[in-house]
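Below is one structure, written out as structure tokens, with a few remarks after it.
Any read-out appearing in this document is the output of simple, stated calculations on the displayed coordinates, not a laboratory observation. Since the model is a prediction, treat every value here as computed from it, not as a measurement. Here the Cβ positions follow ideal geometry from the backbone for every residue, glycine too, while neighbour counts run over all protein chains shown.
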Amino acid sequence: MTSENENDKTAAADEVEASRAPLLDHLLELRSRIIWSLVAIVIAFAICFAFALPIYDVLLRPFTVAAGMVGEQAGAAPPRLIFTGPMEFFFVKIKLALFGAVILAFPVIAYQVYRFVAPGLYRNERGAFLPFMIASPLLFALGGSFVYFVMMPMVMRFALMQQQSPGETRIAIELLPRVSEYLSLTTTLILAFGLSFQLPVVLSLMGRAGLISADTLRKGRKYAIVGILAFAAFFTPPDVISQILLGIPVLLLYELSIFSVALVERKRKREDEAAADD
């Protein structure tokens, strides 16, 4: 009896040790993936910080375009930005470099995430996961491009139209944005639009996992509209134009998500029927 108990304890200890080894392997693999991601971010940060001024000049392009359009109409002075603290613009360059580093290093980060989760996926799941990994940065870039080419020129033109020229009975009112405020506005809008443009990817993944259906999305359309409007009001400047410019594309993406989830459901149904026939 004693020897049997000792054998059971030895078997239990061996089982615990066997389960511990894969866990340690996963933790080592996770550490390796995190290190590679951090290395990519550090390298991208150094590159972006070295070119912080040219990058900031690129971000200022919508402002200069809007100022040129308003200046032609009202004869306004060329646009200017200011900073009120000795280290303000230096920290702006650091924030800009960090923001650019995350975007620049995103393909490496996404690849490391995929390499970490891929061993736990079936072959067909890997094939289904890859399109979403490709679509996500493309949709983010589309959202950021919408901000850069459409949203920011309209917002800055609206702001510049609030200026007032001096007269006999009025004083001059001139827009002099701080460099930090302009960067915060631009990056906030890029993040808001970039993340909101991920809606088809998120809902399609949820549909593939069986967490949501196309019928559920259709029935919840009115609630989605309220949520999208609240999201637009929270992440955009307090003006109706910005909220509409964000709300309309997201609503269109919601409708696209319904179509995407319906396609996923039809494909899964065909796969289930094929598996049943086999």
Please give me the summed charge of the neighbours of F259: other residues whose Cβ is under 12 Å from its Cβ, Lys and Arg +1, Asp and Glu -1.
0
Looking only at Cα atoms, what is the convex hull volume of segment 146-252 per residue, in Å³?
109
Which order do E273, E29 fall in if you start with the one that has the fewest other Cβ atoms within 10 Å?
E273, E29
J(HN,Hα) series, segment 198-211, from Karplus relation 6.51 cos²θ - 1.76 cosθ + 1.60, nearest Hz, glycine and proline x:
7, 3, x, 5, 5, 5, 5, 5, 5, x, 5, 7, x, 7
Under 5 Å between amide H atoms, partner at least 5 residues away or on a different chain: which partners does R178 have, H built in plane at 1.01 Å?
I82
Volume per residue that the Cα convex hull of segment 178-221 spans, once the total is divided by residue count, Å³
72
Would you calculate the convex hull of the Cα atoms in segment 21-64 and tell me its volume per residue in Å³?
58
In nm, what is the difference between 0.36 nm times the number of residues separating V108 and R31 and their Cα-Cα distance?
26.2 nm
